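Read-outs throughout are calculated quantities, based only on the coordinates presented, and are distinct from any laboratory measurement. None of these values were measured; they are calculated from a predicted model. With ideal geometry, Cβ positions are generated from the backbone for all residues, glycine too; neighbour counts draw on all protein chains shown.
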Amino acid sequence: MNTVSTANSSTTTPPAAGGDPDGVVLEARSLVKEFRAAGGRRFGHAATFRAVDDVSFELRRGRTTALVGQSGSGKSTVGRLMAQLHPLTSGEILLDGQPVHAVRGKAFTRYCGSVQMMLQDPFASLNPLHRVEHVLGRVLRIHGHARTPEEVREQSLALLERVNLRPSTRYLTRFPHELSGGERQRVSVARALAAQPRVLLADEPVSMLDVTIRREILDLIDTLRREERIAVLYITHDLGSARAYSEETLVMYHGKVVERGPSEQVISDPQHEYTQRLLAASPDPARRLAR
């Protein structure tokens, strides 16, 4: 079934006007990504498979959009496309309404100043050879937010305070292996904030963390979204957290978005059979996370 089920709601946000505080920051239009199939050829040509097939959505200031699907659905590939980590096969990405072409060098640095990505694995996302002060200082310098050692230290300490790593002076000189998984992910959030982004692409940010600290990290991201007016793409397989932390949910299956709409409605009244199966397979899909 290739049709997209769309939940009806009178609260859907209208298209952004020029001064709309909830306006569109980042937009995906008809994204397609094909990869070469390993060892495969067809009719004399390299065989390919389509990991992302005609995916479109908008990310708005101060709002969270959840991209939900099982492993292999294409959701993480979408995140990497939006972060410019993979080239598009076709389609278009727009930042502030302007097309973003394949970026490298200084253009990529400028793009990363607006769009930051949090990866799933807190153990692999930080260089084990670098202290926290180097991780944060490097981003601050690259994006021109701090220049002198004093400025770097002051802002790094403020970032650690912002993500609730206290006392911040104790964490500044630590290496990643000296941190817990939750602490590493907080450093990852601080590193993203160091660029002062307007968009955060969070790819399964809590799936590898202990259950006891997952909500703490999601609450932190949600607080930053609200206070900093950051647009968030929350990529997850967890329908419960999508319901609790996002205004809009898109459900992906075999590279396509098969259902979209307000999160509460998509999850409480799913229209597409795949969404229904996904909910049925969830441990407790109807339970909203305690906030």
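Label separation (Gln196 vs Phe123): 3.6 nm, computed from points 7 Å beyond Cα along the C-beta direction. Only Lys, Arg, Asp and Glu carry charge here, each on its Cβ (+1 for the first two, -1 for the last two); on that basis the chain has a dipole of about 800 debye about its Cα centre. Within region 58-99, name every residue whose backbone N is under 11 Å away from a label modeled 7 Å from Cα of Glu228 along the Cβ vector. Zone members listed by number: none at all.
Modelled label positions at Ala281 and Arg131, each set 7 Å beyond Cα in the direction of Cβ, lie 4.6 nm from each other. Farthest towards the positive end of the charge dipole of the chain, among the residues Ser156, Val232, Gly74, is the Cα of Ser156, using unit charges on the Cβ of Lys, Arg, Asp and Glu.
Over the chain, dividing the summed -39,500 (n - 2.57) contributions of all DSSP H runs of at least 4 residues by the number of residues returns a 222 nm mean residue ellipticity of -10500 deg cm²/dmol.
Electrostatic tally near Glu204: other residues with Cβ closer than 10 Å to its Cβ, Lys and Arg +1, Asp and Glu -1, net -2. Across region 253-265, rounded Karplus estimates of 3J(HN,Hα) from the backbone phi angles (6.51 cos²θ - 1.76 cosθ + 1.60, θ = phi - 60°) give 8, 6, x, 10, 7, 9, 7, 8, x, x, 4, 4, 6 Hz, Gly and Pro being marked x. Among Ser156, Ser180, Ser114, the residue with the largest mean-square fluctuation in a Gaussian network model of the chain, with springs joining Cα atoms closer than 10 Å, is Ser180. The stretch between Glu216 and Ala37, if pulled fully straight at 0.36 nm per residue, gains 60.5 nm over its current Cα-Cα span.
Using a/c under 1.5 as the rounded threshold, could you call region 77-219 rounded, prolate or oblate? The axes a ≥ b ≥ c are square roots of the C-alpha gyration tensor eigenvalues, and prolate needs a/b larger than b/c, oblate otherwise. Here region 77-219 falls in the oblate category.
For the chain, modelled as a GNM whose springs connect Cα atoms under 10 angstrom apart, the maximal fluctuation among Gly181, Gly97, Gly113 occurs at Gly97. Dividing the radius of gyration of the alpha carbons in region 198-291 by their Kirkwood radius gives 0.95 for Rg/Rh. Each residue of region 223-230 was assigned a 3J(HN,Hα) from its phi angle through the Karplus expression (A = 6.51, B = -1.76, C = 1.60, θ = phi - 60°), giving 5, 5, 4, 6, 7, 9, 6, 7 Hz with x at Gly and Pro. Normalised by the number of residues in the chain, the mean separation of alpha-carbon contacts (under 8 Å, six or more apart) gives a relative contact order of 26 percent.
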